[in-house]
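Below is one structure; the comments refer to it alone.
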Amino acid sequence: MNFKTQTKSLLIFISCFSSGILFAQNDSIWHHKPTMNISGFLDVFYVYDFNQPQGTKRQPFLFNHNRHNEFNVNFGFVKLGLEHSKYRANLALQTGTYVNDNYAAETNLLKNIFEANIGLSLNKKNNLWIDAGVFASHIGFESAISTDNWTMTRSLLAENSPYFLSGAKLTFNPNDKWKIAGLIVNGWQRIQRLQGNSLPSFGTQLNFSPTKKVTLNWSTFIGTDDPDTTRR
């Protein structure tokens with residue numbers, strides 16, 4: 001798709017991030033208490049589009065900071081995380097205009113899930129994990145959390161690649177530099193599988209970090225986001 005826009009916008013962003021209620025206790029590998037982490041994030045914004053679009057929505061193909069001439073919450077969440085050497089779990093509930101736009105295909109309850117996943121270590125070295133649920137996408141380097149990105153705004157490339165996926169992920173970390181993952185998911189940025197589509201989708205990731213300042217990543221995705229009758 002080719003989008004041509006001539007938009008002059010004044011953007012003011014206010015983001016704040018807080019994290020850190022940590023509880024830990026060391027004991028044996030299986031019997032020590034896990035670490036619990038409670039965190040939150042809030043992205044408040046104001047945009048004025050000098051093209052003066054009718055209504056408050058600026059563009060049909062943008063998901064972030066996409067309201068004209070109003071103060072609003074782009075994205076906010078509260079997250080509870082559980083960490084153990086042998087298992088882990090995350091639950092994060094979200095709200096905001098980004099949620100309303102990007103999760104439009106999901107039902108009301110599912111729309112408010114930013115993360116909901118559990119993981120289990122599969123070997124003694126704890127470098128082979130399986131995780132299942134709703135989790136961040138392995139494609140791209142921009143996330144829904146603006147403080148994790150190089151800029152506050154998003155590229156068109158990021159807006160047209162998945163921010164989240166739902167399914168199962170197998171991750172292997174042979175050492176501190178390499179990460180290898182394979183995924184089976186419900187589709188391209190979907191919590192629920194598309195009605196009428198009987199096929200799952202698949203993905204892979206190969207990540208290499210020779211230094212703390214350099215990361216090389218190769219991600220793939222194969223699948224269909226159409227019902228069986230019009231499969232592409």
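The values are calculated or read from the model by the stated rules, or taken from the named source; none is laboratory data. Bear in mind the structure is a predicted one, so any value in this text is a computation, not a measurement. We place every Cβ from the backbone using ideal geometry, glycine too, and count neighbours over all the protein chains shown. Just the protein is used for accessible areas: all its heavy atoms, side chains included, with ligands, DNA and RNA removed. Shrake-Rupley method; radii C 1.70, N 1.55, O 1.52, S 1.80 Å.
Once R0 is set to 41 Å, what does the formula 1/(1 + (r/R0)^6) return for the Cβ-Cβ distance between Leu216 and Tyr87, expressed as a FRET efficiency to the nearest 0.05?
0.85
Computing the accessible area with a 1.4 Å probe over protein heavy atoms, can you report the carbon and sulfur percentage for the chain?
Reported share for carbon and sulfur atoms: 60 percent.
Could you provide, to the nearest whole Å², the per residue accessible area of segment 90-153 with probe 1.4 Å?
Value for segment 90-153: 52 Å² per residue.
For segment 98-183, what mean projected area does the convex hull of the alpha carbons give, in nm²?
6.7
Between Lys111, Lys124, Lys57, find the one with the highest GNM mean-square fluctuation for the chain; connect C-alpha pairs within less than 10 Å.
Judging by the Gaussian network model, the answer is Lys124.
So what's the convex hull volume per residue for the Cα atoms of segment 41-123, in Å³?
For segment 41-123, the hull spanned by Cα atoms encloses 118 Å³ per residue.
Name the residue farthest towards the positive end of the dipole of the chain from the options Trp150, Tyr87, Asn160, assuming +1 on Cβ of Lys and Arg, -1 on Cβ of Asp and Glu, about the Cα centre.
Positive-end residue among those listed: Tyr87.
Test of understanding: extend the Cα→C-beta vector of Arg231 to 7 Å, then name every residue of segment 169-211 with backbone N under 12 Å from that spot.
Those under the cut-off are 197-201.
I'd like to know which of Tyr46, Phe208, Asn66 lies farthest towards the positive end of the charge dipole of the chain, counting +1 on Cβ of Lys and Arg and -1 on Cβ of Asp and Glu.
Of the listed residues, the answer is Phe208.
Let me know the number of lysine pairs in the chain closer than 12 Å at the Cα, not counting same-chain pairs under 8 apart.
For the chain, the number of qualifying lysine pairs is 5.
Principal axis extents for the chain, Cα atoms only, whole Å, descending order, please.
62, 46, 38
Once you order the gyration tensor axes a ≥ b ≥ c over the Cα atoms, which shape class does segment 153-232 get: rounded for a/c under 1.5, otherwise prolate or oblate by comparing a/b with b/c?
It comes out prolate by the Cα gyration axes.
Would you please give the FRET efficiency between Ala104 and Gln54, computed as 1/(1 + (r/R0)^6) with r the Cβ-Cβ distance and R0 = 22 Å, to the nearest 0.05?
Plugging the Cβ-Cβ distance into 1/(1 + (r/R0)^6) gives 0.65.
Per residue of the chain, what 222 nm ellipticity follows from adding -39500 (n - 2.57) for every DSSP H run with n ≥ 4, rounded to the nearest 500?
-1000 deg cm²/dmol
Find out how many positive minus negative residues lie around Ser201, taking Lys and Arg as positive, Asp and Glu as negative, among other residues whose Cβ is under 13 Å from that of Ser201.
+3
Under a plain spin-label model, where a point goes 7 Å from the Cα along Cα-to-Cβ, how far apart in nm are Ala168 and Phe202?
My value for the distance between the label points is 1.4 nm.
Let me know the charge dipole size of the chain about its Cα centre in debye, to the nearest 20, where only the beta-carbon of Lys, Arg (+1) and Asp, Glu (-1) is charged.
Around 420 debye, computed over the chain.
Please find, in a Gaussian network model of the chain (springs between Cα atoms separated by less than 10 Å), the residue of Ala104, Ala89, Ala158 whose mean-square fluctuation is greatest.
Highest fluctuation among the options: Ala104.
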